Structure formats: structure tokens, C-alpha cells
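Notes follow the structure.
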């Protein structure tokens with residue numbers, strides 16, 4: 001797999017997040033047409049913010065999303081953008097979601113960074129900086 005980085009005037013980055021969220025009380029309400037519409041809405045919100053969806057799976061009682069985002073977007077903002085937008089639209093389009101749940105989504109979510117290399121690899125790279133061939137002669141990088 002080739003690593004695709006994004007560039008901007010101040011640098012280069014590759015930020016990926018794994019985000020998981022659940023309906024209130026973890027009720028299994030994300031099936032059929034609701035699941036299909038939820039997937040459409042998540043893809044639309046990602047396109048609006050120029051976030052790249054790596055993987056998306058809508059389960060009956062939770063959502064798994066792997067998304068590549070920009071440096072300006074915090075993980076909490078990403079989760080809240082998806083949750084807020086999808087809740088409003090789904091509850092408008094599917095009235096049974098309003099009658100069964102006080103709010104569509106639980107207030108919590110899980111988010112983790114997804115790196116292209118392991119923490120051990122990064123640590124080893126940092127710890128061995130002075131062992132690089134171009135550093136041994138005392139020259140700058």
C-alpha cells in the first residue's frame with residue numbers, strides 16, 4: 001500500500017482516525033433504510049469537509065468509521081460533525097427514531113489515531129537519529 005500524504009503551505013501530513021459511536025442506550029435502530037441513509041449522510045459530510053473515508057461500517061447498534069482528516073480538524077470536531085448532522089437529518093426523515101429515543105446518538109464516542117507505522121518504529125526512529133549517516137560527520141540534516 002502506498003502512503004498518500006496531504007500537503008499544505010505549512011507542511012505535510014497523514015492523519016487518520018478510527019471513530020466509533022452508538023445510538024442512545026445502544027439500541028439496534030440502524031438497519032435497513034436507516035443504515036443506507038446514514039451511510040449516504042456520512043459520505044456527504046465527509047465530502048463537505050474534504051475528509052477521505054477509508055472504511056465505513058454501519059452495524060445495527062454502532063458505527064465504525066476510518067477517516068483521513070486535515071490538521072485543522074480535531075478528532076472531537078470530526079465525531080461531532082458526523083453525529084450532529086446525521087442525528088438531525090435521520091430524525092427528520094425517520095419519525096420512529098424520535099419516538100423511540102430522546103436523542104439518536106449517545107453523548108460519547110471512541111476515537112483513536114491510526115498510524116502508518118507502529119509506536120515502536122517511531123520510537124526507534126527518534127532514538128537512533130544520531131546514528132544516521134549524514135549526522136555522523138557533524139553536518140546538519
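The values are calculated or read from the model by the stated rules, or taken from the named source; none is laboratory data. Quantities reported herein were computed from a predicted structural model and do not represent experimental measurements. Every residue, glycine among them, receives a Cβ derived from its backbone with ideal geometry; neighbour counts consider all protein chains shown.
Only a single item in (1) surrounded by 14 or more Cβ atoms within 10 Å (Cβ to Cβ); (2) modelled with pLDDT of 95 or more is not met by residue 18, and it is number (2).
Scanning segment 85-103 for residues that are farther than 16 Å from residue 40 by Cβ and surrounded by 13 or more Cβ atoms within 10 Å (Cβ to Cβ) turns up 98, 100, 101, 103. Residues in segment 74-110 that are modelled with pLDDT under 95 and within 17 Å of the chain's Cα centre (by Cα): 110 alone. Take the conditions (1) surrounded by fewer than 16 Cβ atoms within 10 Å (Cβ to Cβ); (2) closer than 21 Å to residue 25 by Cα; residue 111 misses just one of them, which is (1). Residues that are part of a helix (DSSP H, G or I), free of Cβ contacts under 8 Å to residues at least 60 places away in the same chain and surrounded by fewer than 17 Cβ atoms within 10 Å (Cβ to Cβ) occur in segment 61-76; there is at least one. Of all residues in segment 20-60, those that are assigned to a loop (DSSP other than H, G, I, E, B), free of Cβ contacts under 8 Å to residues at least 40 places away in the same chain and more than 16 Å from the chain's Cα centre (by Cα) total 4.
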